[in-house]
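Data first, discussion second: the structure below is written as structure tokens.
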Amino acid sequence: MKPRFYAVALLSAASLPVMSAPSVPVELPEYKEGQYVHQAPTLDDLMNDQALNPKLREVILKGRDLFMNTQQKRGEYVFNDMNCKSCHMGEGRMNWSGPVWPAATTLPDFRGKNQHVNSLEERIAGCFSFSMNGQPPEYGSDDMLALVAYHQWLAKGAKVYETNIGGRGFSSLGREPEQGADYDRGAQVYADNCAVCHGDDGQGQHKDGKVVFPPLWGDHSYNWGAGMARVFTAASFIKNNMPLGKPGSLTDQQAWDVALFVNSHERPQDPRYTGDAKETREKYSNFHKWTRYGTEFNGQILGQHDNTGDKPFLKPDVLRPRTFE
Amino acid sequence: MIITRRGGAFAVLLLASGLLQAAGNADRGATIVMQGEGQGGAPCLACHGNDGAGNDGAGFPRLAGLNAGYLAAQLRDYREGRRTNVIMAPNAAHLSDQQIEDVAAYYAMQNVVAKPAEQPADLLAQGEKLVKQGDWDNYIVPCETCHGPGAQGVGATFPGLSGQHPSYLRQQLEAWKNGTRTNDPNQLMLAIAARLSDEQIQAVSAYLSQLPTSGGKP
């Protein structure tokens, strides 16, 4: 699959001087030497797998449906305009788009974010608590089982406990830009490349009440505790996925600048809020050192507010420490 | 005093929204559609019909119910050469900004129930898959991602495709692909069209033509 992208890119580069059909290259990072690469199975593979118990297929499909259209649980699990696929593009199976199968092959494992060993269910609950600004399905519930089944099935054939995974997560640009990111440059990148879909005001676009382009900040976007609120996460996501259909078309610097711009806007409160954003930033500094939360911007402390968006509470019950002492 | 202030506020509002000419007037638009713009251009209905139904056999697009902002942008692009077509170029050449808004307002309000020709079932199945799921391994994103649920269009930038004539959809996808249509923002449509095979173009065009239009919304 990947070589085909290169063939297209090379072809168009080689034939520039003569008239040729135009195209937009798909430029994704190279896998690093020694990295494990898994190609997650497709929906066709699922439908055509004769060995699969039909009941299991039904549950996996249910999980896939929740993943693709999480808005069906608006007001129950989700209190913003996000679907799982908003960030985990390409059905959660695409490398460089936050493929979700590694959660099934590497967990349970220790996570720095909450400083304890997490299960796959707990990892999924994290997405609901932060990225969806919501309340996760109950552990062991039918919906949680369906989501777990979808993750596990995408991992079919993948190596268990292998952690050196190519195309995983959103971190290909590293943690910090070589040259600092700049808000004003980011605003220009946004106006030139992003506003056509996400709107001048970052509020996305809707059609007949349905979300088409998700909001990037404000009450209906991811909250301050979401991984995407970290500038480096957003920068790598943008670099390899945006504008849609044109991965790799922005320079690294443009991706950093626009990520900083987007993540300098207000959004719903971090569910771990102590009542003081600066204090919360300190308490979760291993996470928030990568966000602008609790820092001053335009004379305001970002995140110093009681706004939880449409969610009528601050913290879902599942966010709790776990010890085995 | 109060009246003056209101007038001032109104002027500021117009300036701020960048809409210095009044919004389109569908009644005036109807006259242009029926009689032409009065400077030698053909009446729109000659090809698109007075109800905006278009004509599949001739490759004339259905305009009924398309977003007025989208229609107006296309007419301005024809007039100014950003979109080229031998039939549309002379007919759009003399339209004023106001006439463009009026025609766009008229066709946006029309509501034609599409009666699409039957298409082979396997082609429809392949088309449905591309419209709803895309073909991510070849980086073809689902049409619905930008053109919205049911491909009914989103705002003035992403036109409704549902119920459009398959001949026109094919023609346009090929035009993006071969570089003869280039008026998309940031090459967003080129990126996808260039990756579509001829068979995939046939399939999406067939499937989209069968979908119900949103229709009649200005």
Could you list, in sequence order, the residues of segment A:218-237 that are crowded, with 24+ Cβ neighbours inside 10 Å and not in a helix (DSSP H, G or I)?
A:Ser221, A:Tyr222, A:Asn223, A:Trp224, A:Gly225, A:Ala226
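Yes/no matrix, rows are residues, columns are (1) touching a residue at least 60 places away in the same chain (Cβ under 8 Å); (2) assigned to a helix (DSSP H, G or I); (3) within 14 Å of chain A (Cβ to nearest Cβ); (4) touching a Phe, Trp or Tyr at 6+ places or on another chain (Cβ under 8 Å):
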| site | (1), (2), (3), (4) |
| --- | --- |
| B:Asp137 | no, yes, yes, no |
| B:Cys146 | no, yes, yes, yes |
| B:Tyr168 | yes, yes, no, yes |
| B:Gln171 | yes, yes, no, no |
| B:Ala175 | no, yes, yes, no |
| B:Asn183 | yes, no, yes, no |
| B:Gln187 | no, yes, yes, no |
| B:Leu190 | no, yes, yes, yes |
| B:Tyr207 | yes, yes, no, no |
Within segment A:84-97, tally of residues that are within 17 Å of A:Val148 (Cα to Cα) and touching a residue at least 24 places away in the same chain (Cβ under 8 Å)
4
Within the bounds of segment B:68-86, is there any residue that is crowded, with 21+ Cβ neighbours inside 10 Å, at positive phi and not in a helix (DSSP H, G or I)?
no
Residues to consider are B:Gly148, B:Gly153, B:Gly127, B:Gly160; find the one that is touching a Ser or Thr at 6+ places or on another chain (Cβ under 8 Å) and at positive phi.
B:Gly153
Please state which one of B:Lys132, B:Lys115 is surrounded by fewer than 22 Cβ atoms within 10 Å (Cβ to Cβ), within 14 Å of chain A (Cβ to nearest Cβ) and of a type in the set (Lys, Arg).
B:Lys132
Enumeration of residues in segment B:124-135 that are part of a loop (DSSP other than H, G, I, E, B) and either more than 14 Å from A:Leu43 (Cβ to Cβ) or not polar (S, T, N, Q) (or both)
B:Gly134
When you scan segment A:152-175, do you find a residue that is without any contact (Cβ under 8 Å) to a residue 60 or more places away in the chain and either surrounded by 21 or more Cβ atoms within 10 Å (Cβ to Cβ) or assigned by TED's automatic domain parsing to the domain that holds A:Arg292 (or both), even just one?
no
Within the bounds of segment A:258-268, is there any residue that is over 16 Å from the mean Cα position of the chain (by Cα), within 24 Å of A:Asn69 (Cα to Cα), of a type outside the set (Lys, Arg) and buried (at least 22 other Cβ atoms within 10 Å of the Cβ)?
yes
Go through segment B:192-205 residue by residue and tally those that are within 14 Å of chain A (Cβ to nearest Cβ) and buried (at least 20 other Cβ atoms within 10 Å of the Cβ).
6
By residue number, the members of segment A:63-97 that are basic (Lys, Arg), within 14 Å of chain B (Cβ to nearest Cβ) and under 18 Å from A:Pro215 (Cα atoms) are A:Lys85
Given (1) under 30 Å from A:Leu314 (Cβ atoms); (2) within 12 Å of another protein chain (Cβ to nearest Cβ), identify the lone condition not met by A:Lys207.
(1)
Within segment A:98-112, is even one residue touching a helix residue (DSSP H, G or I) at 6+ places or on another chain (Cβ under 6 Å), among the charged types (D, E, K, R) and in contact (Cβ under 8 Å) with a residue 12 or more places away in the chain?
no
Which one of A:Gly275, A:Gly245, A:Gly225 is of a type in the set (Gly, Ala, Ser) and within 14 Å of chain B (Cβ to nearest Cβ)?
A:Gly245
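The values are calculated or read from the model by the stated rules, or taken from the named source; none is laboratory data. Quantities reported herein were computed from a predicted structural model and do not represent experimental measurements. Quick reminder, even Gly has a Cβ in these numbers, built from the backbone with ideal geometry, and neighbours come from all protein chains shown.
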